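See structure below.
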Amino acid sequence: MKKEFVVIGLGRFGGSIVKELIELNADVMAIDKSSEKVDDYAGIATQAVTADTTDESVLRSLGIRNFEHVIVAIGENIQASILTTLMLKEIGVKKITVKAQNDYHEKVLRKIGADQVVHPERDMGIRIANNMVSNNILDYLELSEEYSIAEIIANEKLVGFTLVELDVRARYGINIVAIKRDKHILVSPQAIEKIEFEDILIVIGSDADIQRFEKKELH
Ligand code: ATP
């Protein structure tokens, strides 16, 4: 059975979520209060509806309660985002993901029961900055304020050594959880695995430890 989602707010963020979910073969009801935005998605989403989602009766009449997961991608209008989330909670939606504008907005969203709060601009800024300061770090995914997952290109200092020889867990406190090699990915590589030229290491650890590893071993 296809997964069913509702995306509220068809700006750049909400719009790209709709397109990607459709690509991934899900059913999507796309909602915006602007009929122009809705027209843009009429041929893309499974269903595109013009509605103001701060009105509880509108949410009920659209049957939103029956969808598995609702994404609130209303950005600038924080009040509309909070009210919509509250209404969704009230009608009993199981999973609600909301885009937050700032930390205060996030606090309120969590208080009223949003299951997941995302900060796409902030997170993308962090990823791009980490990419820019190091030629070796390809990607960066923040897990918490302290911990991240990074994709790091193995350079000549590491090539030819096994994971047990490098012993990065004891020396740097980080774990190599996977190695991308050509088009393959070795998940949980064995201790005897040798690093090869142009391997990409996927490491998990604290930001400080990842940086220490990057500075000491890759320069
Ligand atoms: P992005 O950065 O993703 O482009 P944004 O953060 O600037 O978007 P907005 O453009 O403010 O966010 O909002 C996204 C969409 O949400 C807009 O198309 C807007 O019409 C819609 N929207 C705002 N309030 C409501 C509401 N009460 N009901 C339904 N849609 C709404």
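Worth a mention:
- Each residue in the range 169-198 was checked for being surrounded by 20 or more Cβ atoms within 10 Å (Cβ to Cβ) and out of contact with any Leu (no Cβ under 8 Å at 6 or more places or on another chain), and 2 of them qualify.
- Among the criteria (1) charged (D, E, K, R); (2) open to solvent by 40 Å² or more (accessible area, probe 1.4 Å); (3) in contact with a strand residue (DSSP E or B) (Cβ under 6 Å, 6 or more places away or on another chain); (4) in contact (Cβ under 8 Å) with a residue 40 or more places away in the chain, the one residue 212 does not fulfil is (3).
- Note on the range 10-34: residues that are within 13 Å of the ligand (Cβ to nearest atom), open to solvent by 10 Å² or more (accessible area, probe 1.4 Å) and within 17 Å of residue 98 (Cβ to Cβ) total 7.
Conditions (1) under 17 Å from residue 144 (Cα atoms); (2) open to solvent by 30 Å² or more (accessible area, probe 1.4 Å); (3) among the polar types (S, T, N, Q), marked per residue:
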{"position": "91", "(1), (2), (3)": "no, no, no"}
{"position": "94", "(1), (2), (3)": "no, yes, no"}
{"position": "97", "(1), (2), (3)": "no, no, yes"}
{"position": "102", "(1), (2), (3)": "yes, yes, yes"}
{"position": "120", "(1), (2), (3)": "yes, yes, no"}
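- Scan of the range 35-89 for residues that are within 10 Å of the ligand (Cβ to nearest atom), among the hydrophobic types (A, V, I, L, M, F, W, C) and open to solvent by 40 Å² or more (accessible area, probe 1.4 Å), ordered by number: 78, 83
- Residue within the range 97-107 that is under 23 Å from residue 12 (Cβ atoms) and aromatic (Phe, Trp, Tyr) present: yes
- Enumeration of residues in the range 151-167 that are of a type in the set (D, E, K, R) and open to solvent by 50 Å² or more (accessible area, probe 1.4 Å): 156, 157, 165, 167
- Breaking point among (1) outside any loop (DSSP other than H, G, I, E, B); (2) within 11 Å of the ligand (Cβ to nearest atom); (3) among the polar types (S, T, N, Q), for residue 97: (2)
- Here residue 92 clears all of (1) under 20 Å from residue 124 (Cα atoms); (2) away from the ligand (no atom under 15 Å from the Cβ); (3) in contact with a Lys or Arg (Cβ under 8 Å, 6 or more places away or on another chain); (4) of a type outside the set (Asp, Glu) except the condition numbered (1).
The values are calculated or read from the model by the stated rules, or taken from the named source; none is laboratory data. Bear in mind the structure is a predicted one, so any value in this text is a computation, not a measurement. Heads up, the Cβs are rebuilt from the backbone with ideal geometry, glycines too, and the neighbour counts pull from every protein chain shown. Surface areas here come from the heavy atoms of the whole protein model, side chains and all, with no ligands, DNA or RNA. Shrake-Rupley method; radii C 1.70, N 1.55, O 1.52, S 1.80 Å.
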